[in-house]
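Computed from the coordinates by the stated procedures, all read-outs in this text should not be read as laboratory data. Computed from a predicted structure; not experimentally measured. All Cβ positions, even for glycine, are placed from backbone atoms using ideal geometry, and neighbour counts span all protein chains on display.
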Amino acid sequence: MDIYLEKSLDRSKMSDLTSLGLKKGQLYETIVVTKNSDGSPNAAPMGLIVKSIQEVVFYFYPGSRTAENVKKDGIFTVNILEDSLTFVECTLGSPPSSYFQKDGDLFHLKSADAYFTARVVKEKVGPRKDRFGSTELTIIQALVEDVIKCVECVHPLNRAIYGIIEALVNLTRMEMADQETRNVYLSRLPEISRLVNRVGGLEDKEALDMIRKKYDDYR
Ligand SMILES: Cc1cc2nc3c(=O)[nH]c(=O)nc-3n(C[C@H](O)[C@H](O)[C@H](O)COP(=O)(O)O)c2cc1C
């Protein structure tokens, strides 16, 4: 049964990700809230991969305070929201304490549409090669514990849809555009394809294939 409650009201608990619309194998953008050694909260956007409805994986870059806090405490909250300002504030620094709500020993964001507590079950540090070169990453596998829904409809952020919408909007402008503008649109497609292939699901890839075929008419 789907249980939801108004933000900041009392809450009920579930213990898997089904009710949040998170799909196995996909990558979502969340905000991870941890506790610093002085007891204050820290928030930072982090991508998560859904390993199963009860397990998630994070890849932390070197120098991340979140990574340090997660390794220290072994437990944290994963906040799901779509609010752009909160994402920016949590990237440029940690927001003020008024943004957070205490939940037992842990903090979560007051503006979260949903959040869950995650407990570290495996921790690994190792190099990963990407387009920036080789980086030493901390890989955290965590078990989903309490899942709390604060609004009825939760929309976990997956970046594929934004790429697809951009590519689609540009497609609808091709007829009006001169060749120079068309070339600008065409030049954006490889980056959008890279993104969709990396973070999208099968449907996203199928959608992008349809768009790509239409783009070929304008080359
Ligand atoms: C949408 C988004 C997703 C991000 N995902 C990750 C990630 O998966 N791993 C990571 O180490 N940093 C990621 N970052 C970058 C961190 O959020 C950023 O470096 C932040 O300042 C780290 O804060 P911290 O030192 O408090 O952990 C992401 C940033 C954004 C905007």
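Annotations
- Efficiency of FRET from Cβ geometry, Asp16 and Asn36, R₀ 22 Å, rounded to 0.05: 0.15
- Once the C-beta distance of Arg198 and Ser97 is scaled by a Förster radius of 45 Å, the resulting FRET efficiency is 0.80 to the nearest 0.05.
- The long axis of helix 179-199 is offset from the longest Cα principal axis of the chain by roughly 40 degrees.
- Ellipticity estimate at 222 nm from DSSP helix runs (n ≥ 4, -39,500 (n - 2.57)) divided over the chain, nearest 500: -10000 deg cm²/dmol
- Here the contact order of the chain, divided by its residue count and restricted to Cα pairs under 8 Å and six or more residues apart, works out to 24 percent.
- Length added when fully stretched, Leu168-Asp209, from 0.36 nm per residue minus Cα-Cα: 13.6 nm
- In summary, the lysines within cross-link reach of Lys72, defined as a Cα separation below 29 angstrom excluding same-chain residues under 8 places away, comprise Lys13, Lys23, Lys24, Lys35, Lys51, Lys102, Lys110, Lys122, Lys124, Lys129, Lys149.
- When only the Cβ of Lys, Arg, Asp and Glu is charged (+1, +1, -1, -1), the dipole of segment 68-219 relative to its Cα centre reaches about 560 debye.
- Once backbone amide H atoms are built at 1.01 Å from N, Ile75 has Val120 as its partners under 5 Å, excluding neighbours fewer than 5 places away on the same chain.
- Taking every C-alpha pair closer than 8 Å and separated by at least 6 residues, the mean separation divided by the residue count of segment 94-138 gives a relative contact order of 21 percent.
- In a fully extended conformation the segment linking Lys110 and Glu68 would gain 12.8 nm over its present Cα-Cα distance, using 0.36 nm per residue.
- Straight-distance candidates among the lysines for linking to Lys214, with alpha-carbon spacing under 27 Å and chain neighbours fewer than 8 residues away dropped: Lys205.
- Evaluating kT/(6 pi eta Rh) at 10 °C and 1.306 mPa s, with the Kirkwood radius of segment 160-218 over Cα pairs in the Stokes-Einstein relation, gives 140 µm² s⁻¹.
- Rounded, prolate or oblate (a/c below 1.5 giving rounded, otherwise prolate when a/b exceeds b/c) for segment 18-149 by Cα gyration tensor: rounded
- The label-point distance for Arg119 and Ser52, in a model that sets each label 7 Å from Cα toward Cβ, rounds to 1.6 nm.
- Between Met176 and Arg219, the contour length at 0.36 nm per residue exceeds the alpha carbon distance by 14.0 nm.
- Here the contact order of segment 160-218, divided by its residue count and restricted to Cα pairs under 8 Å and six or more residues apart, works out to 51 percent.
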